[in-house]
Amino acid sequence: MDNSLLNEVLLEYDKKRTKAIIDAENRKKELFKTNPRLQEIETEISLNSIQASKAILLADSKEKSSLIANLKKKNNILIKEKNDFLKNLLKDNNYLNPHFECKMCKDTGYIKKDNSSVMCSCLKQKIFDIAYNKSNMGNLQRENFSNFDLRIFSDKPNKEKYKSDISPRENIQIIREKAKNFIEHFDDPEEKNLIFTGNTGVGKTFLTNCIANEILKLGKNVLYQTAPVMFDEINNAKFEKSNAKLDLYQNILNIDLLIIDDLGTEKITDSKIEELFVIINTRLLNQNHKITKTIISTNLNVDEIFKTYTTRIGSRLAGSYRFLRFFGDDLRFKKSKKDN
């Protein structure tokens with residue numbers, strides 16, 4: 001990993017953590033001016049915590065238990081009074097606390113695990129986004145399930161045009177449920193990976209971003225790569241043997257969720273086919289000793305995948321991936337007409 005990038009990101013973390021703490025102090029000052037009892041409660045809770053710490057250090061075991069139980073009882077009463085006070089002021093219970101972006105690391109970038117300090121998933125993801133994902137995942141804020149509008153998909157079946165008895169809207173409803181099931185059972189080794197097939201502009205990227213959004217909320221890490229760039233970077237990593245590029249290759253193999261977009265648009269070579277097999281196989285067989293999932297998006301249909309990437313890869317995908325075919329009109333064209 002590039003230490004200069006890590007230091008730059010940690011500096012950003014320190015700034016936002018400091019801001020969150022200062023903002024909390026300002027909220028306290030403002031509220032305490034007009035509500036002095038609230039300040040008294042906060043002070044009493046702090047003093048009780050200090051006394052509890054002293055009790056743990058100084059008292060014998062019998063006296064210690066009694067003191068701590070008594071202080072805990074007092075604190076519970078004070079906390080309830082504080083929360084009721086805030087409720088009457090139409091404030092939530094955490095109003096006086098710093099509002100950190102990451103609840104796990106409190107915007108430090110690190111968490112305690114097995115008596116050691118390890119990088120928080122939020123910091124890992126921030127570095128992935130800067131170093132690898134760049135603008136590929138820049139639409140996550142607006143491309144999510146909350147903005148998933150079924151009405152833009154046609155509700156009219158057209159078997160001749162779509163090669164299906166159901167409408168694009170019915171089809172995307174089915175796919176959406178499969179996607180939600182994938183998210184819900186992400187840590188289940190029996191849950192299949194996903195491969196999205198279909199023409200350009202039928203919603204594959206949008207749904208991929210919806211899934212990525214939810215996986216990030218679970219504290220997982222997501223790496224997005226277009227197939228052409230991914231294969232080029234892997235080739236460069238092996239040729240140049242630079243640490244940064246080798247890091248990318250390891251992350252491709254080990255990341256919680258790998259998204260490979262535009263498979264089939266790269267220039268097909270034997271080495272790329274072999275590399276794809278290694279990636280798929282490593283992630284399927286848990287050779288990285290963790291549950292990893294993959295989403296592949298492609299304009300190729302099932303037959304074309306088998307022809308392009310050999311039966312060996314096709315059979316791996318057929319056995320361990322759920323194929324979901326998108327169809328319908330180009331949604332980008334429909335959206336542009338709507339915006340005009």
Filtered residues of region 281-312 (kept if surrounded by 14 or more Cβ atoms within 10 Å (Cβ to Cβ), closer than 21 Å to residue 250 by Cα and at pLDDT below 95): 281, 282, 283, 284, 291, 292
Selected residue (criterion: nearest to residue 216 (Cα to Cα)) from residues of region 104-114 that are open to solvent by 50 Å² or more (accessible area, probe 1.4 Å), part of a loop (DSSP other than H, G, I, E, B) and in contact with a helix residue (DSSP H, G or I) (Cβ under 8 Å, 6 or more places away or on another chain): 104
Tally of residues being aromatic (Phe, Trp, Tyr) and not in a helix (DSSP H, G or I) across region 290-328: 4
Inter-residue pairs, beta-carbon under 9 Å, first at pLDDT 85 or above and part of a helix (DSSP H, G or I) and in region 138-153, second open to solvent by 50 Å² or more (accessible area, probe 1.4 Å) and of a type in the set (Lys, Arg), 6+ apart: 145/180; 150/169; 151/169; 152/169; 152/334; 152/335; 152/338
Among residues of region 72-100, those that are free of Cβ contacts under 8 Å to residues at least 12 places away in the same chain, more than 30 Å from residue 14 (Cβ to Cβ) and of a type in the set (D, E, K, R), counted: 4
Residue match in region 111-123 (condition: within 25 Å of residue 227 (Cα to Cα), among the hydroxyl-bearing types (Ser, Thr, Tyr) and out of contact with any Leu (no Cβ under 8 Å at 6 or more places or on another chain)): yes
Residue match in region 230-252 (condition: modelled with pLDDT of 90 or more, open to solvent by less than 30 Å² (accessible area, probe 1.4 Å), within 23 Å of residue 143 (Cβ to Cβ) and not in a helix (DSSP H, G or I)): no
Lone unmet requirement of (1) more than 25 Å from the chain's Cα centre (by Cα); (2) open to solvent by 100 Å² or more (accessible area, probe 1.4 Å) for residue 101: (1)
Options 261, 330: the member that is open to solvent by less than 70 Å² (accessible area, probe 1.4 Å), more than 25 Å from the chain's Cα centre (by Cα) and within 30 Å of residue 157 (Cβ to Cβ): 330
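Give the residues of region 71-85 that are in contact with a helix residue (DSSP H, G or I) (Cβ under 8 Å, 6 or more places away or on another chain) and either surrounded by fewer than 15 Cβ atoms within 10 Å (Cβ to Cβ) or under 15 Å from residue 31 (Cβ atoms) (or both), sorted by residue number.
Taking region 71-85 as the starting set, the residues that turn out to be in contact with a helix residue (DSSP H, G or I) (Cβ under 8 Å, 6 or more places away or on another chain) are 71-72, 74-75, 78-79, 81-82, 85.
Selection gives 72, 79, 81, 82, 85.
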Selection status of residue 94, modelled with pLDDT of 80 or more, in a helix (DSSP H, G or I) and either loosely packed, with under 14 Cβ neighbours inside 10 Å or over 34 Å from the mean Cα position of the chain (by Cα) (or both): no
Matching residues in region 265-289 - criterion: being out of contact with any helix residue (DSSP H, G or I) (no Cβ under 7 Å at 6 or more places or on another chain) and in a loop (DSSP other than H, G, I, E, B): 267, 269, 285, 286, 287, 289
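Quick grid of which residues meet (1) touching a Lys or Arg at 6+ places or on another chain (Cβ under 7 Å); (2) in contact (Cβ under 8 Å) with a residue 24 or more places away in the chain; (3) in a helix (DSSP H, G or I):
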position	(1), (2), (3)
54	no, no, yes
102	no, no, no
118	no, no, no
129	no, no, yes
133	no, yes, yes
Failed condition for residue 44, given (1) closer than 30 Å to residue 10 by Cβ; (2) modelled with pLDDT of 90 or more: (1)
Filter result for residue 183 (out of contact with any Asp or Glu (no Cβ under 8 Å at 6 or more places or on another chain), within 30 Å of residue 104 (Cα to Cα) and either open to solvent by 70 Å² or more (accessible area, probe 1.4 Å) or in a helix (DSSP H, G or I) (or both)): no
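Answer yes if at least one residue in region 20-38 is touching a residue at least 12 places away in the same chain (Cβ under 8 Å) and outside any helix (DSSP H, G or I), and no otherwise.
Quick first cut of region 20-38, residues touching a residue at least 12 places away in the same chain (Cβ under 8 Å) only: 20-21, 23-24, 27-28, 31, 35, 37-38.
Filter once more, keeping what is outside any helix (DSSP H, G or I): 35.
Yes, because at least one residue in region 20-38 is touching a residue at least 12 places away in the same chain (Cβ under 8 Å) and outside any helix (DSSP H, G or I).
The values are calculated or read from the model by the stated rules, or taken from the named source; none is laboratory data. Predicted, not measured: the structure shown is a model, and the values here were computed from it. Reconstructed Cβ throughout: ideal geometry from the backbone, glycine too, with neighbour counts over all protein chains shown. Surface areas here come from the heavy atoms of the whole protein model, side chains and all, with no ligands, DNA or RNA. Shrake-Rupley method; radii C 1.70, N 1.55, O 1.52, S 1.80 Å.
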